[in-house]
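I have placed the structure first, in the form of structure tokens, so that the comments after it can refer back to it.
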Amino acid sequence: MKNLIQFFIRFHFLILFIIIESGSLTIAFQYNHYQKAGVVTMIQNISGFYHSKVFSIKEYLNLRETNQQLAYENVRLNNILQQAYRSDDIFFYKQQDTINRQSFYLTSAKIINNSVNKKHNFLTLNKGTEQGLKPDMAVISTNGVVGVIYDVSRFYSTVISLLNTNMKISSKLLKNDYFGSLEWDGKNYRHAILNEIPYHVKVERGDTVVTSGYSAIFPEGVMIGTIEDFKIKGGNFYEINIALSTDFKHLTFVSVVSNLKKEGQKNLENTFPND
């Protein structure tokens, strides 16, 4: 008690000042609307700044979940455009419309392993036979072609990347439908080579290259890239350098494409005599 009394005696002027100042401010803010509005605005600004920073931190921490949701939403919207609904039997989206006869169905998957610096690059996905994946299904991203499923286990699958010197994809120029064969030359992971385009065809830098749809794997019109440079090779055909639209060092989620008419097409084509 003695120490408390000594404290008040020592700081009685400061305590008295605080009491009087607090009373004055209370009276001023209570009866003066201008000052009151100013204080309220200041408090709101401080509170708003605090909540915006907290929200930004929460948003950053939820980026992984947000990206996964965006991948699922992208697949869902792609299938809505093709009058599709989800089949829980194989985890793919199937067509309900019997008139338009949709052929290709999609499901999303996450890449859990990837390489870009080898001659024969592969990817690994977190889905397998349990989710309906099979060999020879196309794999695409929101930006374009990724590769083709090579092998499948119960919960995982491996994908032959477009960045594999053994991979060839039937491709075409979007503006005139001339088609050729696209392959990776094992050099730059952002570029590939399009061959077999006749030299009389008009090509220009910036022209878009897409899948031709001539295989039973890729749908027609999936983005591959744009022409960056070209030259005549062998006198009859171009060798065209393509800047790939897919950045293989920046892939997380992809879509696996199933062609439910593939077997029928392959069986029919196999009946044709080989050269």
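So what's the net charge close to Asn176: Lys and Arg +1, Asp and Glu -1, counting the other residues with Cβ under 13 Å from its Cβ?
So the environment of Asn176 carries a net charge of 0.
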Query raised in the report: What is the local net charge at Ile240, summed over the other residues whose Cβ is closer than 11 Å to its Cβ (Lys, Arg +1; Asp, Glu -1)?
Result: -3
Report summary line: Around Ser212 (Cβ within 9 Å, Cβ-to-Cβ, excluding Ser212; K/R +1, D/E -1) the net charge comes to -1
Query raised in the report: Out of segment 199-259, which GluC sites (Glu not before Pro) are coil in DSSP terms and have no more than 12 other C-beta atoms within 10 Å?
Result: Glu204
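For a Förster distance of 22 Å, can you work out the FRET efficiency between the beta-carbons of Ser181 and Ala216, rounded to the nearest 0.05?
Working: r = 16 Å, r/R0 = 0.73.
Computed FRET efficiency for Ser181 and Ala216 comes out at 0.85.
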Report summary line: Two pseudo-spin positions, 7 Å from Cα along C-beta at Val201 and at Ser115, lie apart in nanometres by 3.3 nm
Query - Using θ = phi - 60° and Karplus 6.51 cos²θ - 1.76 cosθ + 1.60, couplings along segment 137-153 (whole Hz; Gly, Pro as x) - result: 8, 6, 10, 10, 10, 5, 9, x, 5, 10, x, 9, 5, 9, 9, 9, 10
Query - For Tyr238, residues with placed amide H under 5 Å, excluding near neighbours - result: Glu196, Ile197, Tyr199, Lys233
Query - Subset of Lys127/Lys187; Lys118/Lys187; Lys175/Lys202; Lys168/Lys202 violating a 20 Å alpha-carbon distance limit - result: Lys127/Lys187; Lys168/Lys202
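If you stretched the chain out fully between Asp136 and Thr226, how much longer would it get, using 0.36 nm times the residue separation minus the C-alpha to C-alpha distance? Working shown, then result.
Values: separation 90, 0.36 × 90 = 32.40 nm, distance 2.52 nm.
So the chain would gain 29.9 nm between Asp136 and Thr226.
Only the coordinates and a few stated rules stand behind these numbers; no lab work does. Predicted, not measured: the structure shown is a model, and the values here were computed from it. Here the Cβ is made from the backbone with ideal geometry for all residues, glycine too, and neighbour counts use every protein chain on show.
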